[in-house]
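Encoded as structure tokens, the structure appears first; notes follow it.
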Amino acid sequence: MTEDAKRAVREYSLDSELVRREDLCHQTVITIDPDDAKDFDDAISLRRLGRGRYELGIHIADVSAFVTPDSPLDIEARQRGNSVYFPRFVIPMLPGSAQQRLCSLQEGQPRLTKSAFIEYDNKGTRLSKRLCNTVICSRKRLTYGEATRILEGQTRGR
């Protein structure tokens, strides 16, 4: 891990971010990924607002919160472009420790995210949208298979 990544892990303070971000840790937020996923970089939420309205939240790990522009970590991330997945290993966009400790939306851990919210009525018509910086705490990590079974009503014994 680069010195810049070590510094990001060492200097991370959730408290300083909470005053600048919308705190969604009280909401039900989940990740849905393949069985063998190691990094969880996106999550969703759905809230019933009343009067037949719903709010869909799409939450993306906020890597930019930990990467200083033009720093060695930024340059490394730009060279990598994204995480690359091979059958038996992964080359992460950020050095491993920074990726896992700060950015991966792990179950039960508060994480910084960029969130998009879309409000719908009960007919599926979009009513409004908004973007904001948030803190989430994923309640559950689901695999695609688990999510499919839930959508099909096969939740008995789970």
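The values are calculated or read from the model by the stated rules, or taken from the named source; none is laboratory data. If you're wondering where the values come from, they're calculated on a predicted model, not measured in any experiment. When we count neighbours, we look across all protein chains shown, and the Cβ atoms used for this are built from the backbone with ideal geometry, even at glycine. Just so you know, the surface numbers come from the protein's heavy atoms only, side chains and all, with ligands and any DNA or RNA stripped out. Shrake-Rupley method; radii C 1.70, N 1.55, O 1.52, S 1.80 Å.
Worth pointing out:
- Any chance Thr148 is under 23 Å from Glu17 (Cα atoms), of a type in the set (Val, Ile, Thr) and not in a loop (DSSP other than H, G, I, E, B): no
- Test: residue in the range 5-19 that is touching a Cys at 6+ places or on another chain (Cβ under 7 Å) and either at pLDDT below 80 or not hydroxyl-bearing (Ser, Thr, Tyr) (or both): no
- When the range 21-48 is filtered for residues that are buried (at least 16 other Cβ atoms within 10 Å of the Cβ) and under 20 Å from Val84 (Cα atoms), the ones remaining, listed by number, are Thr31, Ile32, Asp33, Ala37, Asp39, Phe40, Asp41, Ala43.
- Among the residues of the range 116-137, those identified as open to solvent by 90 Å² or more (accessible area, probe 1.4 Å) and outside any strand (DSSP E or B) are Asn122, Lys123.
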